[in-house]
1. Give 135, 155 a once-over and let me know the one that is modelled with pLDDT of 95 or more and surrounded by fewer than 23 Cβ atoms within 10 Å (Cβ to Cβ).
2. Which residues, taken from the stretch 223-243, are part of a loop (DSSP other than H, G, I, E, B) and under 16 Å from residue 307 (Cβ atoms)?
3. Which residues, counting only those in the stretch 173-197, are in a loop (DSSP other than H, G, I, E, B), closer than 26 Å to residue 106 by Cβ and touching a residue at least 40 places away in the same chain (Cβ under 8 Å)?
4. Would you pick out the residues in the stretch 158-167 that are surrounded by 14 or more Cβ atoms within 10 Å (Cβ to Cβ) and farther than 22 Å from residue 347 by Cβ?
5. Scan the stretch 244-256 and give yes if some residue there is in a helix (DSSP H, G or I), more than 28 Å from residue 170 (Cα to Cα) and at pLDDT 95 or above, otherwise no.
6. Which of the following residues is surrounded by 22 or more Cβ atoms within 10 Å (Cβ to Cβ), farther than 30 Å from residue 221 by Cβ and either free of Cβ contacts under 8 Å to residues at least 60 places away in the same chain or in contact with a strand residue (DSSP E or B) (Cβ under 9 Å, 6 or more places away or on another chain) (or both): 56, 63?
7. Of all the residues that make up the stretch 282-320, how many are farther than 24 Å from residue 35 by Cα and in contact with a helix residue (DSSP H, G or I) (Cβ under 7 Å, 6 or more places away or on another chain)?
8. What residue, of 208, 179, is modelled with pLDDT under 95 and surrounded by 14 or more Cβ atoms within 10 Å (Cβ to Cβ)?
């Protein structure tokens, strides 16, 4: 008998976008029920990494009315502690290197265009290692790292390189990487070029990389769900916290993207009604737009509603549109800001090898 995740991945292969959408609604409900049967995670913390500009027309699928061409986004990493086989494990989801990622063609062009204004438009946050230290953790305490997708990523400072130019940033951590997007990165399509650091995975230390071919159950209350569309290997972090099930991805850029018909942003609800849309995609890579839409429906089916605003759901954008003085009219109706849950634990400091995850 197939597990809930196996059934979900099978539904992804159904022919026809309409049939796939119908099948994934049911499969997503089974994934939700599986998560509800599991223990909660040990803890979740949000670690802000950078504020950055982003085209407004991409952030809300062209629906939002704004006099400004750009929105402000805040990119964040999630730290999740959970139990797997009785052992405490620590995952960093989206631990982006904000310095190395400046080589992304889109952002490199932007930096050249704005010149000395760049620090004002994209101010950095405190270094990730410093934020971990505030929590009593070190880089050696991280067992796994993963990304929702590989746009803007340069993985060489993260994983280390064979020639020693880069040392692994988290020396014990295993990178969980979807195989399909990993292979795409080797031969980028013109529609992908603006968003990938071309050499961002060149000469990596392969012993710390585990390629994935679908959704993954990592441990108690934690899953990486295959949600292709924004990229071929896009994946969504699912976490069962004490206040409900949360998801994290960049399929959308705000709570309004997953609930556009409840949005009070100018133009968004009208656009959604006109085109009979339940969600609005983050549309900077439109080549798989229908698949991305379907993945967002699956996400909102699995996660819980926001208690204070039940018309919105607990989908936490890895890069969330946040208010900015130079981006009027683009403040989301509901802002998540952070996911915080549970009590962090300090792992044993013995140099224990991190196991590869078991693929069921």
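The values are calculated or read from the model by the stated rules, or taken from the named source; none is laboratory data. Fair warning: this is a prediction, and the values are worked out from it, not measured in the lab. All Cβ positions, even for glycine, are placed from backbone atoms using ideal geometry, and neighbour counts span all protein chains on display.
1. Testing whether each residue is modelled with pLDDT of 95 or more and surrounded by fewer than 23 Cβ atoms within 10 Å (Cβ to Cβ) leaves just 135.
2. Initially, the stretch 223-243 is screened for residues part of a loop (DSSP other than H, G, I, E, B), giving 227-234, 242-243.
242, 243 - these are the residues of the stretch 223-243 that are part of a loop (DSSP other than H, G, I, E, B) and under 16 Å from residue 307 (Cβ atoms).
3. Step one: of the stretch 173-197, the residues in a loop (DSSP other than H, G, I, E, B) are 173, 185-189, 196-197.
Then drop every residue that is not closer than 26 Å to residue 106 by Cβ, which leaves 185-189, 196-197.
The answer is 189, 196, 197.
4. Hits for the stretch 158-167 are 161, 166.
5. We begin by selecting, within the stretch 244-256, every residue in a helix (DSSP H, G or I); these are 255-256.
Then keep just the ones that are more than 28 Å from residue 170 (Cα to Cα); that gives 255-256.
Still in the list and also at pLDDT 95 or above: 255-256.
Yes.
6. Numbers: 63 fails: either free of Cβ contacts under 8 Å to residues at least 60 places away in the same chain or in contact with a strand residue (DSSP E or B) (Cβ under 9 Å, 6 or more places away or on another chain) (or both).
Answer to the selection: 56.
7. At the first step, the residues of the stretch 282-320 found to be farther than 24 Å from residue 35 by Cα are 282-290, 319-320.
Now drop any that are not in contact with a helix residue (DSSP H, G or I) (Cβ under 7 Å, 6 or more places away or on another chain), which leaves 282-285, 287, 290.
The qualifying residues number 6.
8. On the way: 179 fails: modelled with pLDDT under 95.
So the residue among 208, 179 that is modelled with pLDDT under 95 and surrounded by 14 or more Cβ atoms within 10 Å (Cβ to Cβ) is 208.
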